[in-house]
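Visitor: To start, I am sharing the structure in question, which I have written as structure tokens.
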Amino acid sequence: MKQVHILAAPVKTFWLNFHLAYACQHSGACCTSGWPIPVEPDRVIPIRSLAARRDEEWLVPAVAAPADVAGTLALQANGHCVFHGDTGCGVYASRPASCSHFPYVCLIDRRGVHVTLSHFCPTAASLLFAPEAPIAIVEGPSPVAGFDVPEGLDARESLPPLRSPDRLMTWEAFSNWERAEVGKQPTAPSLADAAVLFEHARVAVPAPWAWAPAPADLERTWQMLVAPAWPRFAPVAQRYRAAKVVASWAAYTDEGLAAVLRVADAADAVLRVETIRQCMSAGRVLDADLLKQAIRHSDLLLVHYADPSVLSSGTKS
């Protein structure tokens, strides 16, 4: 009998159109965050050759780590990566995989790879201000060269998300729902409701980390410093919310679409509170620079600090 080889279909990758132009601009935000950066065993020799220094000067040995982690990159006294300097990354060509994957946040399911970005990255945050309309989900390349399937939540063995407590969607219906949802304008919560949602996100940060409470007198500050300029930035807020709908890990929790919308609503609220914080700190009416900083701080909380399972759960009354 003749053997027949069946080739697997290419993996499709889906992006929001305003994210598709992303390319690292070497801002250094990820390199100076103080985060531990794991190093894979197969990266040690290439990094060693570029670093031109002894391993103990740049590699912190892993303790009880999985086999695919050789250690973490050492940090300078200021918390910056040992290889970050005035000219950028000293080992960029052989950087660890986690560096290559930042700021991508990926969800993999039976439809393909779905990509959104952490807007803690200044370059990613700037893309929200690009005049791209209307918002659309489009096919594009893999976000990480050499990885058809990048790191992310792998839900390929999962059922489609729940539309209601007792009804699953079809994959086509899920895609149609996403395409419709990303085009919607955010329904701004009252500042009282935003404060509740913000607090829920804040307490989702696990110890020993913490996030500052919302500033006092939100309503007065909003009216004085944010409200006059907020309508001008409505498209930016809409794109930010869309980025919380696409590639949402919350879709594969026990509450499905309800959890996705809950995270998107929390993002709306956190952005409003962090915008107020930035305007108060600067002592001036909202402008693009202040909003960009508010977006970066919002995603630092939502993407990097908060426990996603707590964030996608309902607020407590």
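Visitor: Run the numbers on the range 186-311 and let me know its relative contact order in percent, using alpha-carbon pairs under 8 Å that are six or more apart.
Guide: In percent, rounded to a whole number, it is 39.
Visitor: Quick one: go through the range 244-261 and flag any residue whose amide nitrogen is under 20 Å from the point 7 Å out along the Cα-to-Cβ line of R163.
Guide: The answer is 245-248, 250-261, whose backbone nitrogens lie closer than 20 Å to the label point.
Visitor: Which cross-chain or sequence-distant (5 or more) residues have an amide H under 5 Å from the amide H of C89, H modelled 1.01 Å from N in plane?
Guide: none
Visitor: Binning every alpha carbon pair distance of the range 136-237 at 10 Å from zero, what are the percents per bin?
Guide: The percentages, shortest bin first, are 10, 22, 31, 28, 8, 0.
Visitor: If I take every Cα pair under 8 Å that is 6 or more residues apart in the chain, average their sequence separation and divide by the length, what percent do I get for the relative contact order?
Guide: Normalised by residue count, the contact order of the chain is 20 percent.
Visitor: Same structure, new question: For the range 38-100, place one equal point scatterer on every Cα, skip the solvent, and apply the Debye formula. What is log10 of I(q)/I(0) at q = 0.23, 0.27 Å⁻¹?
Guide: Reported log10 I(q)/I(0), two decimals: -0.99, -1.34.
Visitor: Quick one: if you stick a label point 7 Å off each Cα along the C-beta vector at V11 and F147, how many nm between them?
Guide: My value for the distance between the label points is 0.9 nm.
Visitor: Pairs on different chains or at least eight residues apart, Cα atoms closer than 28 Å: how many lysine pairs in the chain fit?
Guide: Close lysine pairs under the 28 Å cut-off: 7.
Visitor: Please give the FRET efficiency for A136 paired with R48, using the beta carbon to beta carbon distance and R0 = 41 Å, rounded to the nearest 0.05.
Guide: According to the calculation, E is roughly 0.40.
Visitor: Stretched out fully, how many nm does the piece from M224 to E56 gain, at 0.36 nm a residue minus the Cα gap?
Guide: Net length gain for the segment: 55.1 nm.
Visitor: Counting every Cα pair in the range 111-174, what percent are over 21 Å apart?
Guide: 45
Visitor: Express in whole angstrom the spacing between the alpha-carbon centres of the range 161-203 and the range 260-317.
Guide: Here the answer is 16 Å between Cα centres.
Visitor: Moving on to the next point. Could you put S27, S49 in order, starting from the residue whose Cβ has the fewest other Cβ atoms within 10 Å?
Guide: Going from sparsest to densest Cβ surroundings: S49, S27.
Visitor: In what sequence do S158, S248, S313 fall when counting other Cβ within 10 Å, fewest first?
Guide: Going from least to most buried by this count: S158, S313, S248.
Visitor: Something else: Along the Cα→Cβ direction, 7 angstrom out, place labels at A192 and T170. What is the inter-label distance in nm?
Guide: Placing both labels 7 Å along Cα→Cβ, they lie 4.4 nm apart.
Visitor: Given a cut-off of under 8 Å on Cα pairs at least six residues apart, what relative contact order in percent is computed for the range 5-84?
Guide: 32
Visitor: Now, a different point. Between D307 and A77, how many nm apart are label points set 7 Å from Cα along the C-beta direction?
Guide: 3.7
Visitor: Also: Return the label of the correct value of Cα extents along the principal axes in Å, as calculated from the structure shown, out of (i) 62, 62, 38; (ii) 75, 47, 33; (iii) 61, 59, 33.
Guide: So the calculated entry is the one marked (i).
Visitor: Highest first, please rank the peptides 210-218, 255-263, 15-23 by the mean number of other Cβ atoms sitting within 10 Å of their residues.
Guide: So the peptides 210-218, 255-263, 15-23, ranked by packing, come out 255-263, 15-23, 210-218.
Visitor: If I model the range 186-311 as equal point scatterers sitting on the Cα atoms and use the Debye formula, what is log10 I(q)/I(0) at q = 0.09, 0.10, 0.21 Å⁻¹?
Guide: Result of the Debye calculation: -0.23, -0.28, -1.24.
Taken together, the values in this text are just the output of simple stated rules run on the coordinates, not laboratory data. Only a predicted model underlies this, so the values are computations on that prediction, with no experimental measurement involved. As a convention, Cβ positions derive from the backbone with ideal geometry for all residues, glycine included, and neighbour counts pool all protein chains shown.
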